[in-house]
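Peer 1: A single structure is presented below for examination.
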Protein chains: 2
Amino acid sequence: MKKFINSVDTMLGESLDGFAAAHSDIVALGAERKFVRRRALSPHKVALISGGGSGHEPLHAGFVGTGMLDAACPGQIFTSPTPDQIVEAATAVGNKAGVLFIVKNYAGDRMNFEMGAEVFDGEAASIVTDDDVAVDKSTYSAGRRGVAGTMVVEKIVGAAAEQGADLKTCAALGADVNARTRSIGVALTSCTVPAAGTPTFSLADDEMEMGVGIHGEPGRMRLKLPGADAIAEQMVGAIVSDYGGKTSGPALLLVNGFGGTPSLELYLMYDAARRQLQKHGVSVARSLVGCYVTSLEMAGCSITVSLLDARMVELWDAPVHTAALRW
Amino acid sequence: MKKFINSVDTMLGESLDGFAAAHSDIVALGAERKFVRRRALSPHKVALISGGGSGHEPLHAGFVGTGMLDAACPGQIFTSPTPDQIVEAATAVGNKAGVLFIVKNYAGDRMNFEMGAEVFDGEAASIVTDDDVAVDKSTYSAGRRGVAGTMVVEKIVGAAAEQGADLKTCAALGADVNARTRSIGVALTSCTVPAAGTPTFSLADDEMEMGVGIHGEPGRMRLKLPGADAIAEQMVGAIVSDYGGKTSGPALLLVNGFGGTPSLELYLMYDAARRQLQKHGVSVARSLVGCYVTSLEMAGCSITVSLLDARMVELWDAPVHTAALRW
């Protein structure tokens, strides 16, 4: 295992300390590092809280800040945050406007966020993201997995909350954005979870995993690694087919790196995906390319398409000031 | 070689097409993809142009935009841009205020930028960056290599140019920032140049290269991979020692990923580097953590320290709107 690490036990804490120190103008760390919250809270808006296993950075702590999340609860690597993390985050950032939990569809995350929401003494609602079209159930999920589309939900609902939308409106908007969003990922290499010390899975030198999950869960199939255009054709084909032919409206195209794939290749995949979408008559109105929802150092990427309405595009464009997303 | 690629010959062009399409609000691509320039030019300011081999993205094209570069010339992967690229970029974005070339200290880059500057029909000056303290001469350079500190120079001089500083002032400022900046890098794995198809160098499973260059050039030594704190201690020690004890003034700390190291580890290294700097009495005033000056998919990182003056800190803080840096 080749990593920058002092010990498996202290790795997450040291990284969170670094994150909080590097972005002390934007975030503050909760007691015992249970959550990352905005440094300056807005007491009259719906508070958005997300979280999940660590190892997917910048998701979620990198999206805490004006126009996006109010707090994020980082679990151990690839492990759900505990209910008490969620309760403490909600108590710290919540107010009379209520709290909206944004939860990726994994059994552990759903269970712990539900328990947290029950214990939390305040008005709360939850939305669950499940944008991954690769498989209908998976290692850690009943139903589809929540993957990179989660950040699209967080950005758009975050903007609405910032503009004063109430809890019910935010929850409905988040569910609507999630329903309009489709993702699929492909891995060229595995990642290594520090506590395990060995790669989660193995791929031959000429193989890739089509439809991989963000924890290295199996996808649809193993394939001989084809050219980038053929990969993009399959990925975009899977997404478009999942829309069932209903692909009108302005599209957001997110090409997301899993952590080990460099920018040069991600932009090449963006170019390939965009051309494939054009073949299907989908025109790209907004774009994002980079490592946003990662799987430690996995080489690979996901493609996310979100078919927005005009109001959602406005909310996407609205100002955001977080560690990882800023415009 | 596991990469998202259609062919070695088209890889760079496809990636540039994707980059230009994804950021069409900020940049435009020159004819035959010879350069990337700002979409909206400012006709009365000094034009800043950089460039170099590709494979270091987002350097330099990702730093084209308001507050930073006016154009960037992407060479083939790890290959200097040609003089005609430089001439065409300067002709496209230059004006009466003159052109400043920012050149990393590699023999090919220096030669081609010099030839370009000679042919260019307009007022021009050049600055050379050589912030890498690892070695005094290297595979592609006489003298020190220009590495991640180059982006610090580009940001600070870019802000000054935006505020109306003249060519002479910009050139002197850039030389001053470079002189205040020190970097050193470490590799945990090699990268693979697509045209070569095999890793540039090989490291045993328990080895790292201390002082590696951004093209995989040898550094100071091979070491058994120690813990993160010990790595940071060596890297910060090399930088502080190079300052010869003169480490006053506000420090900018940049922890830069080489492409294959995830955010979780980079923030951990930031935390470790910051603690080491404190031991040496250096207090961090500004921070940046992420993949900014990469070596394709190499796992590893560099640490850059820049001891600024108050005016330089203001210029660092000034607004920037590029694909890769925005605040």
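Peer 1: Could you pull the accessible area for B:Trp327 with a 1.4 Å probe, rounded to 10 Å²?
Peer 2: We get 80 Å² for B:Trp327.
Peer 1: Other chains' Cβ within 10 Å of A:17-30 residues: what's the mean?
Peer 2: Numbers: counts 7, 15, 8, 2, 9, 13, 3, 1, 2, 0, 0, 0, 0, 0.
Per residue, the average neighbour count from other chains is 4.
Peer 1: Between A:Lys96 and B:Asp84, take the C-beta separation as r, use R0 = 51 Å, and let me know the FRET efficiency to the nearest 0.05.
Peer 2: 0.20
Peer 1: Charges at C-beta only: +1 for Lys and Arg, -1 for Asp and Glu. How large is the resulting dipole of the protein assembly as shown about its Cα centre, in Debye rounded to 20?
Peer 2: With only Lys, Arg, Asp and Glu charged at Cβ, the dipole is about 520 debye.
Peer 1: Hey, if you put +1 on the Cβ of every Lys and Arg and -1 on every Asp and Glu Cβ in segment B:1-104, which of B:Leu12, B:Pro74, B:Pro58 ends up farthest toward the positive end of that dipole?
Peer 2: B:Pro58
Peer 1: Still on this structure, please answer the following. Just from its helices, what would the mean residue ellipticity at 222 nm be for chain A, if runs of 4 or more DSSP H residues each count -39500 (n - 2.57) and the sum is divided by every residue, rounded to the nearest 500 deg cm²/dmol?
Peer 2: -10000 deg cm²/dmol
Peer 1: Moving on to the next point. Using R₀ = 22 Å, calculate the FRET efficiency as 1/(1 + (r/R₀)^6) where r is the Cβ-Cβ separation of A:Asp317 and B:Ala40; round to 0.05.
Peer 2: 0.75
Peer 1: Tell me the distances, shortest first, between A:Gly245 and the same position across the other copies, using label points 7 Å along Cα→Cβ, in nm to one decimal.
Peer 2: Label-point separations across copies, in nm and ascending: 8.0.
Peer 1: Identify which of A:Arg182, A:Arg220, A:Arg39 has the largest mean-square fluctuation in a Gaussian network model of chain A, with springs joining Cα atoms closer than 10 Å.
Peer 2: Result for chain A, Cα springs under 10 Å: A:Arg220 fluctuates most.
Peer 1: Computed over the Cα atoms of chain A, what is the ratio Rg over Rh, Rh following Kirkwood?
Peer 2: Checking Rg against Rh, the ratio lands at 0.95.
Peer 1: Something else now. Sort shortest first the distances from B:Lys279 to its counterpart in every other copy, using label points 7 Å along the Cα-to-beta-carbon line, and give them in nm.
Peer 2: 5.6
Peer 1: Next question, about the same structure. Could you compute Rg(Cα) / (2.2 N^0.38 Å) for the protein assembly as shown, with N its residue count? Display every interim value, and only then the final one.
Peer 2: Values: Rg = 23.4 Å, N = 654, 2.2 N^0.38 = 25.8 Å.
Here the answer is 0.91, to two decimals.
Peer 1: When all protein chains stay in place, what accessible area (Å², nearest 10, 1.4 Å probe) is found for A:Phe4?
Peer 2: The accessible area comes out at roughly 0 Å².
Peer 1: Using 7 Å Cα-to-Cβ label points, what is the B:Met115/A:Ala204 separation (nm, one decimal)?
Peer 2: For B:Met115 paired with A:Ala204, the spin-label model returns 4.5 nm.
Peer 1: If you place +1 on the Cβ of every Lys and Arg, -1 on the Cβ of every Asp and Glu, and leave all else neutral, what size is the dipole of chain B about its Cα centre, to the nearest 20 Debye? Walk me through the numbers before you get to the answer.
Peer 2: On the way: 28 positive and 36 negative charges, 108 e Å.
Dipole magnitude for chain B comes out near 520 debye.
Peer 1: Right, another one. Quick one: Cα centre-to-centre distance for segment A:196-259 and segment B:163-240, in angstrom?
Peer 2: Result: 33 Å between the Cα centres.
Peer 1: If we restrict to alpha carbons, what Rg and Dmax does segment A:181-312 come to, in Å?
Peer 2: 14.7, 47
Peer 1: If you rank A:Asp132, B:Asp17 by how much accessible surface each has, with a 1.4 Å probe, what is the order from largest down? The partial results should precede the final answer.
Peer 2: Working: A:Asp132 0, B:Asp17 50 Å².
Per-residue accessible area, sorted high to low, gives B:Asp17, A:Asp132.
Peer 1: Just counting partner chain Cβ atoms within 10 Å, what average do the residues of peptide B:165-177 show around their Cβ?
Peer 2: Other-chain Cβ atoms within 10 Å of each residue's Cβ, averaged: 0.
Peer 1: For Cα pairs less than 8 Å apart in space and 6+ apart in sequence, what is the mean separation divided by the residue count of chain A, i.e. the relative contact order in percent? Kindly include the intermediate steps, with their values, before the conclusion.
Peer 2: Numbers: 778 pairs, mean separation 59.8, N = 327.
Computed over chain A, the figure is 18 percent.
Peer 1: If you average the sequence gap of Cα pairs under 8 Å that are 6 or more apart and divide by the length of segment A:232-286, what percent do you get for the contact order?
Peer 2: RCO, segment A:232-286: 52 percent.
Peer 1: Under the rule a/c < 1.5 gives rounded, and otherwise a/b versus b/c splits prolate from oblate, where does segment A:247-294 land using the Cα gyration tensor? Provide the component values of the computation, followed by the final result.
Peer 2: Working: a/c = 3.08, a/b = 1.89, b/c = 1.63.
Cα axes put segment A:247-294 in the prolate bin.
Peer 1: Defining the label point at 7 Å along Cα→Cβ, can you sort the distances from B:Gln163 to the same site in each other copy, shortest first, in nm?
Peer 2: Sorted ascending, the copy-to-copy spacings read 3.5 nm.
Peer 1: Label points 7 Å out from Cα along the Cβ direction at A:Glu123 and A:Lys246: separation in nm?
Peer 2: Simple spin-label model gives 3.1 nm for this pair.
Peer 1: Moving on to the next point. Please go through the residue pairs A:Lys2/B:Lys2; A:Lys155/A:Lys279; A:Lys104/B:Lys2; A:Lys34/A:Lys96; A:Lys137/A:Lys168; B:Lys45/B:Lys104 and name each one whose alpha carbons sit more than 25 Å apart in this structure.
Peer 2: Values: A:Lys2/B:Lys2 19 Å; A:Lys155/A:Lys279 28 Å; A:Lys104/B:Lys2 30 Å; A:Lys34/A:Lys96 22 Å; A:Lys137/A:Lys168 29 Å; B:Lys45/B:Lys104 23 Å.
Table pairs above 25 Å Cα-Cα are A:Lys155/A:Lys279; A:Lys104/B:Lys2; A:Lys137/A:Lys168.
Peer 1: Which residue, B:Gly211, B:Val255, B:Ile86, has the largest displacement toward the positive end of the dipole of chain B when charges sit on each Cβ (Lys, Arg +1; Asp, Glu -1)?
Peer 2: My answer, from the dipole projection, is B:Val255.
Peer 1: Now for a different question. Classify segment B:6-117 as rounded, prolate or oblate from the Cα gyration tensor: take a ≥ b ≥ c as the square roots of its eigenvalues, call it rounded if a/c is under 1.5, otherwise prolate when a/b beats b/c and oblate if not.
Peer 2: Working: a/c = 1.86, a/b = 1.15, b/c = 1.62.
Here segment B:6-117 falls in the oblate category.
Peer 1: Now for a different question. For chain A, modelled as a GNM with alpha-carbon contacts under 10 angstrom, which of A:Gln163, A:Gln76, A:Gln85 fluctuates the most?
Peer 2: Comparing A:Gln163, A:Gln76, A:Gln85 in a Gaussian network model of chain A, the most mobile one is A:Gln163.
Peer 1: Assign unit charges at the C-beta atoms only (+1 for Lys and Arg, -1 for Asp and Glu), then state the dipole size of segment B:203-313 relative to its Cα centre in Debye, rounded to the nearest 20.
Peer 2: With Lys and Arg at +1 and Asp and Glu at -1, about 540 debye.
Peer 1: Please sort by residue number the trypsin sites (Lys or Arg not before Pro) in segment B:244-327 whose DSSP state is loop and whose Cβ has at most 16 other Cβ atoms within 10 Å.
Peer 2: Passing sites in segment B:244-327 are B:Lys246.
Peer 1: Then there is this: Taking the full set of protein chains and a 1.4 angstrom probe, give the accessible area of B:Thr304 in square angstrom, rounded to the nearest 10.
Peer 2: Per-residue accessible area (B:Thr304): approximately 0 Å².
Peer 1: May I pose another question? Express the relative contact order of segment B:181-312 as a whole percentage, based on alpha carbon pairs under 8 Å and six or more residues apart in sequence.
Peer 2: Details: 271 pairs, mean separation 45.5, N = 132.
34 percent.
Peer 1: For peptide A:250-262, compute the average count of partner chain beta-carbon atoms within 10 Å of each residue's beta-carbon. Spell out each step's value before the answer.
Peer 2: Numbers: counts 0, 0, 0, 2, 0, 3, 0, 4, 1, 9, 8, 7, 18.
Taking the mean over all residues of the peptide, I get 4.
Peer 1: How long, wide and thick is segment B:165-222, going by the Cα atoms along their three principal axes, in whole angstroms, largest first?
Peer 2: In descending order, the Cα extents are 49, 27, 12 Å.
The values are calculated or read from the model by the stated rules, or taken from the named source; none is laboratory data. Keep in mind that what you see is a predicted model, and the values were worked out from it rather than measured. We place every Cβ from the backbone using ideal geometry, glycine too, and count neighbours over all the protein chains shown. The protein model used for the area step is the full one, side chains on, heavy atoms only, and it has no ligands, DNA or RNA in it. Shrake-Rupley method; radii C 1.70, N 1.55, O 1.52, S 1.80 Å.
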